[in-house]
């Protein structure tokens, strides 16, 4: 189904009911990663979340849209009440990191650590600074654009018992801009959401997130 056939009022439940849309869940530890705008919407976010979860023994939930679909449903409308898989993930996890993609002029190397659990945000930010010193990791909430702060109580990153954080990633660190072809250890990039094998910064990002999950003790 092409994006133009989906009305703006299209709900999360309706999206999940489409046969082309994949819903993924893996329950491991009580630290969770989620990327419900994955696939062709916010590209590679589900791969980043799932791989970080795998490396850390953490839990993962993702929604993956196919290559011909680009439908955005607001985070506050991503409701576990309409998905048993998502509900099981939220109930299982104590804290969660939601992985998103964004693009804003002048912020191409800025990683934004929002969400209501500011202790978790600071912890993840510290791990990302160690892993990606070439980027600016922002965890001061007032320095994050209001629409990207992830503070609404219905935001999925805030639904678990311990709350969580929202991580907004620009295209560059996800390996989606032409500039990455001029950075060290880079080759031509695969299509769609396939994981590049040699883009150093993407793998440093994933390892930084995995380190944050493994070292979280709160």
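Residue check: residue 179 meets all listed conditions (1) outside any loop (DSSP other than H, G, I, E, B); (2) within 18 Å of the chain's Cα centre (by Cα); (3) modelled with pLDDT under 95 but one, namely (2). Given (1) assigned to a helix (DSSP H, G or I); (2) modelled with pLDDT under 95; (3) crowded, with 17+ Cβ neighbours inside 10 Å, where does residue 71 come up short, assuming only one miss? In the conditions (1) assigned to a helix (DSSP H, G or I); (2) modelled with pLDDT under 95; (3) crowded, with 17+ Cβ neighbours inside 10 Å, residue 71 misses (1) alone. Under the condition of being assigned to a loop (DSSP other than H, G, I, E, B), in contact with a strand residue (DSSP E or B) (Cβ under 8 Å, 6 or more places away or on another chain) and surrounded by fewer than 24 Cβ atoms within 10 Å (Cβ to Cβ), the residues counted in segment 35-68 number 5. Taking the numbered list (1) surrounded by fewer than 23 Cβ atoms within 10 Å (Cβ to Cβ); (2) touching a strand residue (DSSP E or B) at 6+ places or on another chain (Cβ under 8 Å); (3) modelled with pLDDT of 95 or more in turn, residue 99 passes all entries but (1). When 205, 112 are screened for being touching a helix residue (DSSP H, G or I) at 6+ places or on another chain (Cβ under 8 Å), closer than 30 Å to residue 69 by Cα, modelled with pLDDT of 95 or more and assigned to a helix (DSSP H, G or I), only 205 passes. Confirm whether residue 20 is over 16 Å from the mean Cα position of the chain (by Cα), surrounded by fewer than 17 Cβ atoms within 10 Å (Cβ to Cβ) and part of a helix (DSSP H, G or I). No: the conditions fail for residue 20. Tell me, please, whether a residue that is at positive phi and surrounded by 21 or more Cβ atoms within 10 Å (Cβ to Cβ) can be found in segment 112-122. The answer is yes, given that some residue of segment 112-122 is at positive phi and surrounded by 21 or more Cβ atoms within 10 Å (Cβ to Cβ).
Counting the residues of segment 1-16 that are at pLDDT 80 or above and under 22 Å from the mean Cα position of the chain (by Cα) gives 7.
Please work out if residue 151 is closer than 20 Å to residue 37 by Cα and part of a loop (DSSP other than H, G, I, E, B). Answer is yes for this residue.
The values are calculated or read from the model by the stated rules, or taken from the named source; none is laboratory data. Since the model is a prediction, treat every value here as computed from it, not as a measurement. Cβ atoms come from the backbone with ideal geometry, glycine included; neighbour counts cover every protein chain shown.
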